[in-house]
1. Using θ = phi - 60° and the Karplus form 6.51 cos²θ - 1.76 cosθ + 1.60, what ³J(HN,Hα) does each residue of the range 133-149 get, whole Hz, x for Gly and Pro?
2. Name the residues whose placed amide hydrogens come within less than 5 Å of the amide hydrogen of Asp265, ignoring near sequence neighbours (fewer than 5 apart) on the same chain.
3. Could you go through the range 95-111 in sequence order and give the Karplus-derived ³J(HN,Hα) for each residue, using 6.51 cos²θ - 1.76 cosθ + 1.60 with θ = phi - 60°, rounded to whole Hz, and x for Gly and Pro?
4. Please order Met45, Met135 by the number of other Cβ within 10 Å, starting at the fewest.
5. How about the range 42-122: which trypsin sites (Lys or Arg not before Pro) there lie in a loop by DSSP and see at most 12 other Cβ atoms within 10 Å?
6. Once the Cα atoms of helix 235-249 and of the chain are each reduced to a long axis, what angle between those two axes, in degrees from 0 to 90 to the nearest 10, is obtained?
7. So what's the projected area for the range 113-256, the Cα convex hull averaged over all directions, in nm²?
8. Can you list which of the GluC sites (Glu not before Pro) found in the range 216-295 are DSSP loop residues with at most 13 other C-beta atoms within 10 Å?
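Just so it is clear, none of the values below were taken in a lab; they were calculated from the coordinates. Worth saying up front: this structure is predicted, and the values here are computed from it rather than measured. Don't worry about glycine lacking a Cβ; one is built from the backbone with ideal geometry, like all the others, and counts go over all protein chains shown.
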Amino acid sequence: MKIDIKSLNLNELRQIVKDMSLPAFRASQIYDWLHKKLVTSFDEMTNLSKDLKEILSQRFELTALTLETMQESKIDGTRKYLFKLSDGNFVESVLMRYKHGNSVCISSQVGCRMGCRFCASTLDGLTRNLTPAEMLDQIYRIEKDLGERVSNVVVMGTGEPLDNYDNLIKFIELLTDENGLNISQRNVTVSSCGLCENIKRLADEDLQITFALSLHAVTDEKRRSIMPIANKYTIEELLDAVGYYFEKTKRRVTFEYALIAGVNDTDDDANGLISLASKVGAHVNLIPVNPIKEREYRETPRDAVDAFKNKLEKRRINVTIRREMGRDIDGACGQLRKKTMDANS
């Protein structure tokens with residue numbers, strides 16, 4: 001079985017180069033081609049001999065995603081990418097342009113098994129985890145397509161990142177490596193619906209990334225009705241986990257809160273969110289839910305979103321409303337992939 005070369009860190013590559021009795025500098029050369037020049041084949045490594053490139057191609061797999069389609073918003077320039085994997089599966093990534101730089105939201109799994117009722121990613125369940133290379137290459141292909149640097153990465157696309165824990169940690173290591181793209185850990189955000197044990201594991205990794213908890217409800221009963229994961233973990237357990245994360249990392253946690261009309265946008269919900277955020281000093285990111293045709297949920301009207309935000313601010317909760325981007329291009333997680341799969345079935 002071939003080794004996935006793009007999922008190796010530099011030290012692992014150095015050891016393999018040594019085992020192959022190659023000069024030590026070859027490891028840095030190859031790593032540079034993979035993670036700085038972002039090549040998609042060994043043939044592009046022009047300072048390697050033809051014989052060496054042949055040996056590498058026989059021994060290693062070089063992960064390179066294929067662009068299936070790209071949609072660009074006429075409203076805000078957001079780009080939605082659909083990439084095809086080597087096994088024929090599809091994953092989505094989103095490029096968002098901000099004044100502070102280019103941000104990419106990537107997928108961590110093919111599908112998702114978490115079952116959140118407002119999300120298109122989970123409609124067909126989980127197919128498989130993505131490798132570190134498959135997560136990385138979403139960013140690499142977008143950088144090459146854009147011709148510009150990506151400065152911020154959010155692991156919040158299709159899939160539950162903490163359900164693919166080991167590959168996620170390796171991905172972060174490679175992404176933030178000074179020998180590669182060298183994206184600051186502080187510019188990396190990982191979002192989870194709340195796998196408590198792995199939130200604590202993440203806290204113990206000694207990383208400086210931002211952690212975002214997909215909360216979306218302030219009572220266990222309501223959270224269970226929209227997020228099946230709440231049948232396993234209570235809000236009290238979640239607060240314990242995010243409190244531990246803050247204590248270990250000194251990095252403020254974000255509560256992601258998708259506002260759904262008539263479901264979680266009442267005064268009682270606002271008061272409950274104020275209470276929960278106050279306990280752990282969390283930042284609250286309000287998200288007008290992006291409706292999907294398979295579910296009955298609808299977004300909270302904008303004036304009600306503003307009123308909800310004002311309630312939190314009056315109680316000194318740090319709160320933002322996520323800027324709606326890509327609404328005209330199947331911008332929500334899983335929508336474009338689902339549409340393509342349905343068309344191909």
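1. 5, 5, 6, 4, 5, 4, 6, 4, 5, 5, 4, 5, 5, 7, x, 9, 6
2. Residues meeting the amide H criterion: Ile260.
3. 9, 10, 9, 10, 4, 7, x, 8, 10, 10, 9, 10, 8, 10, 9, 8, x
4. In increasing order of surrounding Cβ atoms, one gets Met45, Met135.
5. Answer in residue order: Lys74, Lys99.
6. 50 degrees
7. Hull-based average projected area comes out at 8.7 nm².
8. Passing both the DSSP loop test and the Cβ count: Glu294.
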